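Asks: Submitted below is the structure of interest, expressed as structure tokens.
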Amino acid sequence: MTFADLGLSDELLRAVDDSGYGEPTPIQRAAIPSVLMGKDLVGIAQTGTGKTAGFVLPMIDILHHGRSRARMPRSLILEPTRELAMQVADNFAKYGKYHPLSMALLMGGVQMGDQVKALEKGVDVLIATPGRLMDLFGRGKIMLTDCKLLVIDEADRMLDMGFIPDIEEICSKLPKDRQTLLFSATMPPPIQKLAAKFLNDPKRVEVARPATANVNIEQRLVEVSTDKKKDALRDILRHEEFRNAIVFANRKTTVRELASSLRRSGFAAGQIQGDMDQSDRIAEFERFKSGEITVLVASDVAARGLDVKGVSHVINFDVPWQPDDYIHRIGRTGRAGMTGIAITLATRADAEAVAGIEKLVGYKIAREGKTSKSEAAKPAKAEKPSPAPPPPPPPPKAKPRRAEKKPRDDRSPVVEDVEGDWNGPVPSFLSFKAD
Ligand code: AMP
């Protein structure tokens, strides 16, 4: 099946062609025709499946007809985090380049003045995080009575972050005869309830997690002593054939320090961590995406949810403290069907954390070399993990899932603990089979 078979306009087909996509992904094949027909939709799909284009493409064609009015957006997309909101906005810019649609982004941590000005002119598409939207709604700056198309994206993450009451309130302010699309990687009962209450006879589409995720990421573990970690990292960056790399460290101070140290060694390195201003983080992310910097040193908190196509390497400068952070981190590479390499530097003191990760993923990560620099840099071709790892062991019991953490208020200027998507190995207890 081609994009042309899905009923999209010629302008959109041209934009899709410019993006270099050969054919629609399964979620796009299933979602696009039915969204174009005006049906409600429940899409069970995670990031990495192409779900964003699955709703952005038909929305552009739907919104092409009609005009926006001041303060009354014609469509609303709810995203749990600012990073995701920005990525959806990027998608609109990319696919909508032959359609003159207006768009506004409403998210915490960014000056409200400009966002309000954009709204006052009238927008076709409003992309918002729930906290900021409720804020503006409360101040009378926005009316949702003309909003005929609603997308609730990443609904299960909204649940984890405590946003469901806000979403219910937002839904009740939209006209009843709207079209609603809900996307979620899993369908826990509160999300099923939300769908039952606010969607009208939705078409249900479920796609598997990207099937190639496991085999697309080659994982290696380099055993190294603490005082040699920086040398080992520099050696990897000098010897690996990498296009760009995200280097994860556990502490913000390490992120800062490592980014400066790499710059001093001549690498085009930048950083993203939770202490930075939102605008600085956006600027840094854009520099990485554009290729101006090729190494992005990041903390877990700031890097979750980031989607950069074609990240060739993820390097764990520190072994993450929580096993599931490992899965989130390495899922930054090997996205959208591409291959990636994940290298973890581990000291003796990390033995327990490494064991926890291996228990979670269900196989032993290939070891490479000992502490020596040159050995650390050599790719361990012979030790490549088997492309089909054995099935994961039974779920570990002790660690509470992120869902049990405190809800986050996105009015804060700093992104806090945000559930990320991943594209790495999927432990069995995270797989959900909807009924
Ligand atoms: P998403 O699941 O929406 O976060 O998309 C994951 C990645 O897949 C993004 O980098 C998209 O640009 C890319 N993508 C979306 N649709 C396609 C397609 N039909 N073919 C290839 N890549 C795509």
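Values quoted throughout were computed directly from the atomic coordinates according to the rules given, and no laboratory measurement underlies them. The model shown is predicted, which means the values in this text are computed figures rather than measured ones. Please note: Cβ atoms are built from the backbone with ideal geometry, for glycine as well, and neighbour counts cover all protein chains shown.
Asks: State the answer as a single residue: which of 55, 22, 123 lies farthest towards the positive end of the charge dipole of the range 3-206, with beta carbon charges of +1 for Lys and Arg and -1 for Asp and Glu, about the Cα centre.
Replies: Going by the Cα projections, it comes out as 123.
Asks: Please sort by residue number the trypsin sites (Lys or Arg not before Pro) in the range 15-75 whose DSSP state is loop and whose Cβ has at most 16 other Cβ atoms within 10 Å.
Replies: 67
Asks: Between residue 261 and residue 121, with labels modelled 7 Å along Cα→Cβ, what's the label distance in nm to one decimal, could you check?
Replies: Result: 4.6 nm between the two label points.
Asks: Here is a follow-up. Measure off 7 Å from each Cα along the Cα-to-Cβ vector at residue 364 and residue 275, then give the distance between these two points in nanometres to one decimal.
Replies: 4.0 nm
Asks: For a quick protection proxy, order the peptides 86-93, 311-318 by their average other-Cβ count within 10 Å, most packed first.
Replies: 311-318, 86-93
Asks: Something else about it: Need the full-extension length gain, residue 197 to residue 21, defined as separation in residues times 0.36 nm minus the C-alpha distance. One decimal, nm. Numbers along the way, then the final one.
Replies: Numbers: separation 176, 0.36 × 176 = 63.36 nm, distance 3.58 nm.
Using 0.36 nm per residue and subtracting the Cα-Cα distance, I get 59.8 nm.
Asks: Could you sort out which of 94/230; 97/117; 97/121; 121/197; 117/309; 51/141 sit more than 27 Å apart by Cα distance in this structure? Spell out each step's value before the answer.
Replies: Values: 94/230 38 Å; 97/117 22 Å; 97/121 20 Å; 121/197 32 Å; 117/309 32 Å; 51/141 31 Å.
In this structure, 94/230; 121/197; 117/309; 51/141 lie more than 27 Å apart at Cα.
Asks: A further question on this structure: Suppose the chain between residue 64 and residue 172 were pulled fully straight at 0.36 nm per residue; how much longer would it get relative to their current alpha carbon spacing? Could the numbers behind the result be given before it?
Replies: Numbers: separation 108, 0.36 × 108 = 38.88 nm, distance 2.56 nm.
The residue 64-residue 172 span can extend by a further 36.3 nm.
Asks: Right, next: Out of all DSSP beta bridges with both ends in the range 3-206, state the antiparallel percent to the nearest 5. Walk me through the intermediate numbers first.
Replies: Details: 1 of 25 bridges.
Of all bridge pairs located within the range 3-206, approximately 5 percent are antiparallel.
Asks: Ranked highest first by the average count of other Cβ atoms within 10 Å around their residues, in what order do 245-256, 165-176 fall?
Replies: 245-256, 165-176
Asks: Rounded if a/c is under 1.5, else prolate if a/b beats b/c, else oblate: with a ≥ b ≥ c from the C-alpha gyration tensor eigenvalues square-rooted, which is the range 217-381?
Replies: The shape class here is rounded.
Asks: A further question follows. Would you please classify the overall shape of the range 3-206 from the alpha carbon gyration tensor, given that a ≥ b ≥ c denote the square roots of the eigenvalues, rounded means a/c under 1.5, and beyond that prolate means a/b larger than b/c while oblate covers the rest? Each step should come with its number before you reach the end.
Replies: Working: a/c = 1.56, a/b = 1.15, b/c = 1.35.
Verdict is oblate for the range 3-206.
Asks: Shifting gears a bit: Which order do the peptides 156-163, 31-38 come out in when sorted by mean C-beta neighbours inside 10 angstrom, highest first?
Replies: Ranking the peptides 156-163, 31-38 by packing returns 156-163, 31-38.
Asks: Under the 0.36 nm per residue contour assumption, what length would be gained going from the current alpha-carbon distance of residue 321 and residue 286 to full extension?
Replies: 9.8 nm
Asks: Mean separation of Cα pairs under 8 Å and 6+ residues apart, divided by the residue count of the range 217-381: what relative contact order is that in percent?
Replies: Relative contact order, the range 217-381: 38 percent.
Asks: Would you please name the trypsin sites (Lys or Arg not before Pro) within the range 83-148 that are DSSP coil residues with at most 11 other C-beta atoms within 10 Å of their C-beta? Show your work: numbers first, answer last.
Replies: Values: sites: 94, 97, 117, 121, 132, 139, 141, 148; in loops: 97, 139, 141, 148.
In loop regions of the range 83-148 (DSSP not H, G, I, E or B), the sparsely surrounded trypsin sites (Lys or Arg not before Pro) are 139.
Asks: For the range 111-188, rounded, prolate or oblate, judged on the Cα gyration tensor with a ≥ b ≥ c (square roots of eigenvalues), a/c < 1.5 rounded, else prolate if a/b > b/c?
Replies: The shape class here is prolate.
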